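Only the coordinates and a few stated rules stand behind these numbers; no lab work does. Being a predicted model, the structure only gives us computed values, none of them experimental. FYI the Cβ positions are ideal-geometry reconstructions off the backbone, even for glycines, and counts take in every protein chain you see.
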Amino acid sequence: MTDTANLGLPCIEGSQAQKHVTHNDALRILDTLVQLAVLDRDLAAPPSSPAEGQRWIVKTGATGAWAGHVNTIAAWQDGAWQFSAPQTGWCVYVVDEGTLLVWNGAAWGDFFSTVTSIQNLALLGVGTTADTTNRLSAKLNNALFVAQTVAEGGDGNLRYKLSKESTAKTLSFLLQDNYSGRAEIGLTGDDDFHFKVSADGSAWVDALRLDKTTGLMTHVDGVVPRTLSVQRGGDTNDSSSGSGAYHDHSLTYTIPANFLTQGRALRITTHWRYTSGSAVPVLDIQLKTGSTVLAHFTPSGQIASKTNFQHAIQWILQAVDAPGAAANVEAVQIGTPHNLGNIVVDSDVAMPVALATNGALTLKVATQWASAGTGTNTLKLSQFIVEALN
C-alpha cells in the first residue's frame with residue numbers, strides 16, 4: 001500500500017480487501033489536517049480529557065503519549081492519538097492566541113513575519129479600523145522610523161516624503177485635540193510653509209508663513225514681544241550746579257553673545273521720576289553700552305512748567321548685520337516722552353554704530369543736567385525694561 005506525497009493519505013489498491021478501512025483512515029487524516037486549527041501549542045503533556053477531533057501542536061519536551069512527537073499535530077481520533085508531521089508551508093491557526101503559524105521546515109513561526117511584500121492594499125488599520133476616508137489608520141502610543149544603515153544595504157539617511165497634486169492643494173500635519181483641529185503645519189493652499197492655529201477647529205489663524213522663494217518669515221498676525229528683563233530701582237541723579245559729568249544709572253541688561261542676529265530688534269523702555277519742587281532744567285539722556293553711545297535724548301529748551309512728573313522714553317535697537325566683531329546696529333527713539341509736552345528731540349549719534357555683537361553687551365542709560373535748575377534736582381530711574389520684538 002502506498003501513501004500520498006503531501007498528506008500521507010493511504011491509497012486503496014485494486015485487489016485490496018476491506019477497502020472501506022483504508023478509505024476511512026484517509027478521511028480521518030483529511031479531517032485532521034484540512035482547515036487546520038489547534039487549541040494550544042504550549043502543552044508538553046496530553047490533556048486529560050480531550051474531545052473527539054480536537055488538535056494541538058506538541059511542545060518541545062513532551063511527555064506521556066506525546067513523547068517523541070515534538071512539533072507534530074496531535075489529534076484525538078477514535079479514543080487514540082493520531083500524529084501528523086508538518087510539511088514546509090503548512091499553516092495552522094492557534095485558537096488560544098488568535099494567531100496564524102507557518103511551518104518553515106524546522107519550527108513553527110508567525111505567519112506574517114514571513115511576508116516580505118504587500119502591494120496595493122485598499123485599506124490598512126493598525127490597532128483600529130481603517131475606512132474610505134482614513135485608508136491608513138493607526139491607534140497606538142509610540143511609532144518608530146529608523147534609517148536603514150549602510151551595512152544593511154541602505155545609506156544611513158531617513159527622509160519622510162509627502163507630496164501633493166498641485167500648488168493649490170494642501171499638504172500638512174493637522175494636530176487635533178479630541179479630533180478637533182488646534183494646529184496645522186505645512187503647504188496649505190500654496191507652496192509657502194505655513195504655521196496655523198485654531199481655538200475651535202473651525203476658525204484658523206495663519207500665525208507664521210515662510211516664503212518658498214526667499215525664505216523670509218512673515219508674522220501674519222504680529223508678534224507678541226518677549227520680555228527679556230524688567231528691573232525696578234530708584235537710582236538718582238541729583239544736581240543743582242548745571243552742566244556736569246554723565247551719571248551711569250545702576251539698572252542694566254546684558255545682551256548675550258550672538259543674540260543680535262541680523263534683523264533682530266530690541267525695545268528698551270525707561271521710566272523716570274522727577275521729584276523736585278523746582279522747574280526742570282535741560283536734561284540729556286543717553287542709551288549706552290560701555291562707553292559707546294547708541295542714542296542721545298536731548299530736549300531743546302528748558303521744560304520750565306514741570307515741577308513733579310513721571311515720563312517714559314523708549315528706543316528700538318536693531319541689528320543690521322549678522323553677529324561679528326564690528327557688526328552694525330541702529331538705535332532710534334520712538335514716540336514722544338510722556339508728560340514732557342511738545343518738545344523737540346535732538347540726537348547727534350551717527351548711525352549705524354559698529355559693535356562686537358559676537359560678545360556680550362551691557363545696555364545702560366546715563367543722564368546729565370545740561371543747565372542748572374533751582375534747588376536740588378532729583379531724577380530717578382525707576383524702571384528699565386528690555387523686550388525682544390522678533
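Remarks
- Taking amide hydrogens as placed 1.01 Å from N in the peptide plane, the amide H of ARG182 sits under 5 Å from those of LEU175, GLN176, ASP177, each at least 5 positions away in sequence or on another chain.
- Sorted fewest first by neighbouring Cβ atoms within 10 angstrom, ARG55, ARG159, ARG273 come out as ARG159, ARG273, ARG55.
- Sequence-distant residues sharing a close amide H with VAL349 (under 5 Å, placed H): HIS296
- Across the alpha-carbon set of the range 170-219, the Rg to Rh ratio works out to 1.01, Rh being the Kirkwood radius.
- Cross-link check: pairs LYS139/LYS164; LYS196/LYS364; LYS288/LYS380; LYS59/LYS139; LYS161/LYS196 evaluated at a Cα-Cα cut-off of 28 Å; pairs beyond the cut-off: LYS196/LYS364; LYS59/LYS139.
- Length available on full extension from HIS69 to LEU43: 0.36 nm per residue minus the Cα-Cα distance, which gives 8.1 nm.
- Considered as an equivalent ellipsoid built on the Cα gyration tensor, the range 35-112 has semi-axes of 19, 13, 11 Å, the largest given first.
- Built amide H within the under 5 Å cut-off of THR188, gap 5+: LEU171, HIS194
- Theoretical FRET efficiency, 1/(1+(r/R0)^6), r = Cβ-Cβ of GLU52 and PHE83, R0 22 Å, to 0.05: 0.85
- Phi-derived couplings, Karplus 6.51 cos²θ - 1.76 cosθ + 1.60 at θ = phi - 60°, listed residue by residue for the range 115-127: 7, 10, 8, 10, 10, 6, 5, 7, 9, 8, x, 10, x Hz, with x used for Gly and Pro.
- Cα centroid separation, the range 31-109 to the range 203-272 (Å): 77
- Estimated at 0.36 nm per residue, the fully extended path between GLN314 and ALA199 surpasses their Cα-Cα distance by 38.0 nm.
- Taking 7 Å steps out from each Cα toward its Cβ at LYS164 and SER382 produces label points 5.3 nm apart.
- Here the calculated FRET efficiency for ASP190 and THR149, from their Cβ-Cβ distance with R0 = 41 Å, stands at 0.65, rounded to the nearest 0.05.
- J(HN,Hα) series, the range 153-166, from Karplus relation 6.51 cos²θ - 1.76 cosθ + 1.60, nearest Hz, glycine and proline x: x, x, 10, x, 9, 9, 10, 8, 9, 10, 9, 9, 6, 7
- ALA360/ASN178 FRET efficiency (R0 51 Å; Cβ-Cβ; nearest 0.05): 0.65
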